[in-house]
Amino acid sequence: MKKDAIYKKAKALVLKDKNFSPSYVQRKLEIGYNRAVKIVEHIKNEQRHSDDCK
């Protein structure tokens, strides 16, 4: 996934609010639902990977 400005904003939002809901990200960042789903899934996978590496 290309990590653009929207991705960075979404990641900060999700981690700050601890809300991994695609519809929440969609509303807050005014992006499409499909894009929000992809971003949230990518963030979840990153978090799992970083937890596995600890």
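Each reported figure results from applying straightforward, stated rules to the coordinates on display, with no laboratory input. Remember, it's a predicted structure, so these values are computed and weren't measured experimentally. Here the Cβ is made from the backbone with ideal geometry for all residues, glycine too, and neighbour counts use every protein chain on show.
Helix 33-52: angle to the longest alpha-carbon principal axis of the chain, degrees 0 to 90, nearest 10?
10
So what is the relative contact order of the chain, in percent, for Cα pairs below 8 Å that sit 6 or more residues apart? Please list the in-between numbers first.
Numbers: 28 pairs, mean separation 17.8, N = 54.
Averaging sequence separation for qualifying contacts and normalising by length gives 33 percent for the chain.
Checking the cross-link filter: which lysines have an alpha carbon closer than 22 Å to that of Lys3, excluding same-chain neighbours under 8 positions apart?
Lys11, Lys16, Lys18, Lys28, Lys38, Lys44
Between Lys8 and His42, how many nm apart are label points set 7 Å from Cα along the C-beta direction?
The modelled label-to-label distance comes out at 1.3 nm.
State the label only: which of [x] 54; [y] 61; [z] 75 corresponds to percent of Cα pairs over 13 Å apart computed from the shown model?
[x]
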